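The values are calculated or read from the model by the stated rules, or taken from the named source; none is laboratory data. The model shown is predicted, which means the values in this text are computed figures rather than measured ones. Neighbour counts run over all protein chains shown; Cβ positions are idealised from the backbone, glycine included. Calculation scope for accessible area: heavy atoms of the full protein, side chains included, ligands and nucleic acids excluded. Shrake-Rupley method; radii C 1.70, N 1.55, O 1.52, S 1.80 Å.
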Amino acid sequence: MNDRDEFLEREFDFSKAVKNPYARELKKQVTIKISPSVIDYFKAQAEKVGIPYQTLINLYLSDCMNNKRELQMTWQ
């Protein structure tokens, strides 16, 4: 896939363009199977704080990653 647009490069001068500071890390769409009860839980939590539930899930997973949380499970 070619990310360059030759028409835009011919028609516009991007030499003084500034990179978008908010596009630090673009999100990637994935397909993941999550149980309905988990989705309902995050939707309810997201409604309480006023953000989309997918954003809340991303924030939660980001917190786990940033704090290097290790999964601790035991099977009985």
- proj_area_mean for the chain (convex hull on C-alpha atoms), units nm², value 9.8
- Message: What does the net charge come to around Ser62 if you take all other residues with beta carbon closer than 15 Å to its beta carbon, with K and R at +1 and D and E at -1?
- Response: +3
- Item | Dipole of the chain, positive direction: furthest Cα of Ser37, Ala17, Leu59, with charges on the beta-carbon | Ser37
- Task: Note the angle between two axes, namely the Cα long axis of helix 53-66 and the longest principal axis of the Cα atoms of the chain, as a number of degrees from 0 to 90, rounded to the nearest 10.
- Result: 90
- Item | Estimated dipole of the chain in Debye, rounded to 20 [Cβ of Lys and Arg +1, of Asp and Glu -1, Cα centre] | 320
- Placing each pseudo-label 7 Å from Cα in the direction of the beta carbon, Ile51 and Glu70 end up separated by a distance in nanometres of 2.8
- Message: Run lengths n ≥ 4 of DSSP H only: what is the helix-derived mean residue ellipticity at 222 nm for the chain, with -39500 (n - 2.57) per run over all residues, to the nearest 500?
- Response: -13500 deg cm²/dmol
- Message: Compute the helix-to-body angle for 36-49: its Cα long axis versus the longest principal axis of the chain, expressed 0 to 90° and rounded to tens.
- Response: 70
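Need the full-extension length gain, Asp13 to Leu61, defined as separation in residues times 0.36 nm minus the C-alpha distance. One decimal, nm. Walk me through the numbers on the way to the answer.
Values: separation 48, 0.36 × 48 = 17.28 nm, distance 3.98 nm.
My answer for the length gained is 13.3 nm.
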- Accessible area per residue, 1.4 Å probe, Å², for the chain: what's the number? 110
